[in-house]
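The values are calculated or read from the model by the stated rules, or taken from the named source; none is laboratory data. Because the structure is a prediction, the values reported are computed rather than measured. So basically every Cβ, Gly included, is an ideal-geometry build from the backbone, and we count neighbours across all protein chains shown. Just the protein is used for accessible areas: all its heavy atoms, side chains included, with ligands, DNA and RNA removed. Shrake-Rupley method; radii C 1.70, N 1.55, O 1.52, S 1.80 Å.
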Protein chains: 2
Amino acid sequence: MNNPRWILRRRPVGAVASDDLALVDAPTPAPGEGEFLARTLYLSLDPAQRIAMGDRAQYAAPVQIGEVMRGMTLGVVEASNHPGFVPGDLVRGAGGWQAFWIGRDGHKVARDGLPLTAHLGVLGPTGASAYFGLLDVGRPKAGETVVVSAAAGAVGSIAGQIAKLSGCRVVGIAGSDEKRRYATEDLGFDACVSHRVGALAAALRDACPDGVDVAFENVGGAVLDAVLECINLRARVVLCGLIATYNAEGLAPGPYNFASVLMRRARVQGFIIGDYQARMDEFTRRMTRWLMDGRIRYDDHVVPGLENAREALGLLFSGGNRGKLMVEVSRLA
Amino acid sequence: MNNPRWILRRRPVGAVASDDLALVDAPTPAPGEGEFLARTLYLSLDPAQRIAMGDRAQYAAPVQIGEVMRGMTLGVVEASNHPGFVPGDLVRGAGGWQAFWIGRDGHKVARDGLPLTAHLGVLGPTGASAYFGLLDVGRPKAGETVVVSAAAGAVGSIAGQIAKLSGCRVVGIAGSDEKRRYATEDLGFDACVSHRVGALAAALRDACPDGVDVAFENVGGAVLDAVLECINLRARVVLCGLIATYNAEGLAPGPYNFASVLMRRARVQGFIIGDYQARMDEFTRRMTRWLMDGRIRYDDHVVPGLENAREALGLLFSGGNRGKLMVEVSRLA
């Protein structure tokens, strides 16, 4: 194969099925003027990729049938007609689900001794979503209680730790005992409750004796409903994702406890990391420092082989990953 | 009767039934130290009163069985042991559904030549909800499009006019043709669409060619869903009320288009007028000026007789009122 790539064959109905995407070959492209050719090292797998397979414009226009699947990648420049890149440079960009990509722009990644994967996950859009979502949208104050759903996920695990650094009590929501232990023992969350118990709201109330001031929401559905039952006056609900609904056909009902937003005078606010482009340097500087100082921990869940990308995406929906899910497409050396 | 009053006999199931409230008599009370006795002139009827009849704490603790129904009133002081009030003073306070009430605090109302009813409606918590909800929570900018549901209602009619004064395009949502004409011809809304048509979202889109930047929401349910279908990036949804759900038994589903809040990076925020106590002087000053200058119009829907209060409350839920609904309990002179 020259440039293996995954294309969208048809729009999934519910969970992504094996025939919805196809792995095909293509010639390795050559960079034109102002472009570089990058070889993909790692491909990021994100819940929003499921949205992009649908037929409605949401964050962005859907991927068209026959097009390469969209995705963030970390690559190494192999050839360049771009003034900002030379062969050997590391670059993060929207390379898609393929082995090589042509870029006109991208974020040049420093060789700073941190693992390469960190630059796609905790130092990439994932970590930045946690950082800006929590601090800029959620605005937690020291002493407040912050609840984070999908607590062992790529974004939630970082958001919760930043909330701890902000002086908050942090309570996670996660599925398995192993993830809950990870959140409390490895990441330093004060508590982590299971969304698999029947009475999530009661468990949350026990874990949040002073109520919930900030909710960092990645899930939606029944999880968000339980959170809305526990929010305090003037709570902030940071909508980062609603993965519980991404596989739904048609429109899922909104939170049954929606009236809580009115009664508790809460603020529910969506955000997307692309809106924070102008502040990425601030984020990179602070997060790099936290990582170097050992104040933020992260996990990368790396699946080897581009051919496994489609199946690996399902882990996000089954709760099968811990930390940042990505595919290793090729090795640097 | 000495002091006729409505007490809560049992909690309504669905719409308020005739046996849920009872009109009883009581002795006329005498003011103690630091108190005044007021005779009720007008009783405000508000959707939140239905909430107070339920068994869950929402805005405030529920009214207890056997207690006088809660409500804002405008009265005249008849006797006073309160240093701030003398007989003949006009006072706005939480007098409840009764002919006389004992107050320890209240807002002294100026005799400024405006109709008495204005001081309970457009200059009272109703007008203040429109003012602070729109300006402080919604933050409309000149040139933006503002959608107001229950456009001919007490709050919506004022919110829409303040949005016009702010330089916005204003589109109302109302039920009847008469209300829609009222909004456009009398209040100056740019358009007003009917929520009784099947395709409200399509009608809204037609009326809002540039999308919706601020939604002032009084209704919820299908109306809010249509609004969420039309919101722009970074829209603000001001949650003032959700009257569509107040008669519901159990929890109603939240908006089916809830994911729009995430995808469009919108802000949904609840508020309650009680939180703006410290800024009521600012509001009173500005609204009085607008009224004197003829820049804000308002309607009062006055039902005569305290004995008709229970039945009149139903008008809020059937869409039977235009402007501020209140009961005339007695005459000033």
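Miscellaneous remarks
- Meets criteria (among the aliphatic types (A, V, I, L, M) and either in a loop (DSSP other than H, G, I, E, B) or within 26 Å of the chain's Cα centre (by Cα) (or both)) for B:ALA79: no
Residue-wise test of (1) modelled with pLDDT of 95 or more; (2) open to solvent by 10 Å² or more (accessible area, probe 1.4 Å); (3) more than 14 Å from chain A (Cβ to nearest Cβ); (4) under 30 Å from B:MET72 (Cα atoms).
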residue: B:ALA163; (1), (2), (3), (4): yes, no, yes, yes
residue: B:SER176; (1), (2), (3), (4): no, yes, yes, yes
residue: B:ARG180; (1), (2), (3), (4): yes, yes, yes, yes
residue: B:LEU228; (1), (2), (3), (4): yes, no, no, no
residue: B:GLU249; (1), (2), (3), (4): no, yes, no, yes
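- Some residue of segment A:315-328 being in a strand (DSSP E or B), within 14 Å of another protein chain (Cβ to nearest Cβ) and either at pLDDT 95 or above or surrounded by 21 or more Cβ atoms within 10 Å (Cβ to Cβ) (or both): no
- Considering segment B:48-64, the residues that are in a loop (DSSP other than H, G, I, E, B) and open to solvent by less than 40 Å² (accessible area, probe 1.4 Å) include one that is modelled with the lowest pLDDT, namely B:GLY54.
- Checklist (1) touching a helix residue (DSSP H, G or I) at 6+ places or on another chain (Cβ under 7 Å); (2) modelled with pLDDT of 95 or more; (3) at the interface with another protein chain (Cβ under 7 Å from one of its Cβ atoms); (4) closer than 18 Å to B:GLY133 by Cβ applied to B:ARG236, failing item: (3)
- Candidates are the residues of segment B:253-279 that are within 24 Å of the chain's Cα centre (by Cα) and in a helix (DSSP H, G or I); the one that is surrounded by the most Cβ atoms within 10 Å (Cβ to Cβ) is B:ILE273.
- Qualifying residue in segment A:186-207 (condition: within 11 Å of another protein chain (Cβ to nearest Cβ), open to solvent by 10 Å² or more (accessible area, probe 1.4 Å), out of contact with any helix residue (DSSP H, G or I) (no Cβ under 8 Å at 6 or more places or on another chain) and more than 18 Å from A:GLU144 (Cβ to Cβ)): no
- Residue list for segment B:230-247, restricted to those being in a helix (DSSP H, G or I) and open to solvent by less than 30 Å² (accessible area, probe 1.4 Å): B:CYS230
- The one condition in (1) open to solvent by 10 Å² or more (accessible area, probe 1.4 Å); (2) under 30 Å from B:VAL261 (Cβ atoms); (3) among the hydroxyl-bearing types (Ser, Thr, Tyr) that A:SER44 fails to fulfil: (1)
- Boolean, B:ASN308 is part of a loop (DSSP other than H, G, I, E, B) and not basic (Lys, Arg): no
- Test: residue in segment B:67-75 that is among the polar types (S, T, N, Q) and away from every other protein chain (no Cβ under 14 Å): yes
- Among (1) open to solvent by 30 Å² or more (accessible area, probe 1.4 Å); (2) out of contact with any helix residue (DSSP H, G or I) (no Cβ under 6 Å at 6 or more places or on another chain), the one test that B:GLY305 misses: (1)
- Any hit, segment A:158-169, residues being in contact (Cβ under 8 Å) with a residue 40 or more places away in the chain and polar (S, T, N, Q): yes
- Matching residues, segment A:272-291, being away from every other protein chain (no Cβ under 14 Å) and either of a type in the set (Asp, Glu) or in contact (Cβ under 8 Å) with a residue 24 or more places away in the chain (or both): A:ARG279, A:MET280, A:ASP281, A:GLU282, A:PHE283, A:THR284, A:ARG286, A:MET287, A:THR288, A:TRP290, A:LEU291
- The number of residues in segment A:124-144 being within 27 Å of A:ALA110 (Cβ to Cβ) and in contact with a strand residue (DSSP E or B) (Cβ under 7 Å, 6 or more places away or on another chain) comes to 4.
- Once segment B:251-266 is narrowed to residues that are over 16 Å from A:GLY270 (Cα atoms) and among the aliphatic types (A, V, I, L, M), the residue that is nearest to the other protein chains (Cβ to nearest Cβ) is B:LEU251.
- The lone criterion from (1) touching a strand residue (DSSP E or B) at 6+ places or on another chain (Cβ under 6 Å); (2) within 14 Å of chain B (Cβ to nearest Cβ); (3) free of Cβ contacts under 8 Å to residues at least 40 places away in the same chain left unmet by A:GLN269 is number (3).
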